[in-house]
Amino acid sequence: MRSSSNFGRAIEDIAGGLSRRELWLYLGWQDVRKHYRRSVIGPFWLTLSMGIMVLGIGILYSQIFRIDVQVYLPYMAVGIILWGLIGRLITDACTVFTQAGDALRQIKVPLSVYIFQFVWSQILTFAHNFVIYIIVAIVFAVPLGWDALLVFPGLVLIVLNGIFATMILGPVCARFRDVPMMIGSLMQLLFYMTPIVWHGEQLSKGLWLLMLNPFYHFIEIVRRPLMGQPSVLENWLVCGVITVVMGAVAVLFFARYRARIVYWS
Amino acid sequence: MASITLSGVVVDIPIYDNGSRSIKNSVLSVATGGQIRPRDGTNRIVVRALDALDLHVAHGDRVGLIGHNGAGKSTILRVMSGIYEPTAGSVSIDGEVASMFNIGFGMDPDATGWDNIILRGMYLGFSRREIEARSQEIGELTGLGEFLDMPLRTYSAGMSTRLAFAISTAISPEILLIDEGIGAGDAAFLSQAQERMRKFIGKAGILVMASHSNDLLLSWCTKGIWMEHGRIRMQGRIDEVIKAYKESLAG
């Protein structure tokens, strides 16, 4: 029996999506493979192109910033790889329902299936890029301790926020077709505003620009463990609070507009 | 016992005036013949695809939906399947619903026939294990033989229809919704596959089917509903409804 409230139906939708995981695990994997069908190394093209970029930027910018490449390259590599995940989670969240428009009208599947499918495909892409980190960590002998295990809760927070962001941006962008463009330019700007190719310590004034940037905190909670550096409590607190707020807003938003998505997409 | 009850169901499909939204065209094509009206003083236009529709379908009913393009046939099916949640009114559905709207939907042209059986099967609600266990049987049914190892894009149109059909009819839902979106060419195939279709439909507690083919409707349905401008113009025995509809077209 269907629940009568919007909220109840949204929860049913999400629960239904979780129970159909075989479908979205398959579809998400399919999304990653699709681009590389019949190519010899397949999705490892992701790894290769990311690797070349990291190498190029690493060598050039360590010169520009006059930082030892051994210090700079691993730092920047982790940042770029993480930004790859975070940035794509946000920009591509905008097209989840517009791209699924045809499917939405053909078959009744919980809408959260499309969200999980999308986030899962981004996780898979990230996993391919993560190979770069492993190579870099070995080559540059990044000193890892038990702290490195904090990577996992950090990534969980990023993925959760990715799901929440998709629950909000997916419907909004289906309704207002200018939003994806706005988000696209915003994320491009944020890439330069966030310490990824540069280091937070290079900033002598205007530290608030860092502290007010949520992406800085999310990058830090994963980058520090991966660099063998101790975590900063403040980063975790900020990310924790953002996750709770995003979660609440996302569920309410999704509950309110879920039924309209099929009409908008 | 399966049943479907719609009471006072209204479906307004909003049309956003933005050239970049190609979806606009597809919605319009679905809705041609619905009621186009501006909504509450704004510039937004909505197409009223269903207008205060009351309908009860009981277990054992075989319903054929008749009407010109955009009369609301597909919209009713989408409401029954849960794809469209109505703007107003309530829908109550008892029983597991399966819909067959676009038979080619959910197929991946680059995947093999076998992979497509798994993919489509999972869309239809099978678990991976269930569909893998049944894929041999479905594969045989398609009669495609070694072609099942080839990617779908190498298939002819008829072959991919065979594949889609074999998978789609592998389920046994309590409520079966069929839209003629399947198209004329495929309708010819369907009449070839009539034996399997008869079994498939026979197992369902309820069949609701939209079609422009009177022969198809007469052979599969017992009841008819004639839709016009999102409302029911007439309902009754299928042959009577078709006769009245034909007369109105002629007159």
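For region A:80-115, filtering for residues that are within 12 Å of chain B (Cβ to nearest Cβ) and of a type in the set (A, V, I, L, M) leaves 7. When restricted to residues that are away from chain A (no Cβ under 14 Å), within 14 Å of the chain's Cα centre (by Cα) and under 15 Å from residue B:10 (Cβ atoms), region B:54-75 contains 1.
Taken over region A:23-56, the criterion of being more than 14 Å from every other protein chain (Cβ to nearest Cβ), touching a helix residue (DSSP H, G or I) at 6+ places or on another chain (Cβ under 6 Å) and of a type in the set (Val, Ile, Thr) is satisfied by A:47, A:54. Is one or more of the residues making up region A:203-216 in a loop (DSSP other than H, G, I, E, B), among the small types (Gly, Ala, Ser) and more than 21 Å from residue A:57 (Cβ to Cβ)? Yes.
Of all residues in region B:99-125, which are more than 9 Å from every other protein chain (Cβ to nearest Cβ) and hydrophobic (A, V, I, L, M, F, W, C)? Those that are more than 9 Å from every other protein chain (Cβ to nearest Cβ) and hydrophobic (A, V, I, L, M, F, W, C): B:100, B:103, B:107, B:114, B:117.
If you go through region A:173-202 and keep only what is in contact (Cβ under 8 Å) with a residue 12 or more places away in the chain, assigned to a helix (DSSP H, G or I) and either of a type in the set (Phe, Trp, Tyr) or within 14 Å of another protein chain (Cβ to nearest Cβ) (or both), you end up with A:173, A:174, A:175, A:179, A:180, A:191.
Residues in region A:247-265 that are aliphatic (A, V, I, L, M) and either buried (at least 20 other Cβ atoms within 10 Å of the Cβ) or on the phi > 0 side of the Ramachandran plot (or both): A:250, A:261, A:262. Scanning region B:147-165 for residues that are buried (at least 16 other Cβ atoms within 10 Å of the Cβ), closer than 18 Å to residue B:100 by Cα and either within 14 Å of chain A (Cβ to nearest Cβ) or without any contact (Cβ under 8 Å) to a residue 40 or more places away in the chain (or both) yields B:159, B:162, B:164. Candidates are the residues of region B:128-146 that are at pLDDT 90 or above and either within 12 Å of chain A (Cβ to nearest Cβ) or more than 18 Å from residue B:172 (Cα to Cα) (or both); the one that is surrounded by the fewest Cβ atoms within 10 Å (Cβ to Cβ) is B:146. Looking across region A:1-16 at every residue that is under 24 Å from the mean Cα position of the chain (by Cα) and within 13 Å of chain B (Cβ to nearest Cβ), the one that is farthest from residue A:257 (Cα to Cα) is identified as A:16.
Table: residues versus (1) of a type in the set (Lys, Arg); (2) in a strand (DSSP E or B); (3) under 20 Å from the mean Cα position of the chain (by Cα).
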| site | (1), (2), (3) |
| --- | --- |
| B:85 | no, no, yes |
| B:125 | no, no, yes |
| B:134 | yes, no, no |
| B:139 | no, no, no |
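The values are calculated or read from the model by the stated rules, or taken from the named source; none is laboratory data. What you see is a predicted model, and the numbers here were worked out from it, not measured in a lab. Positions of Cβ are generated from backbone atoms using ideal geometry, with glycine treated the same way; all protein chains shown enter the neighbour counts.
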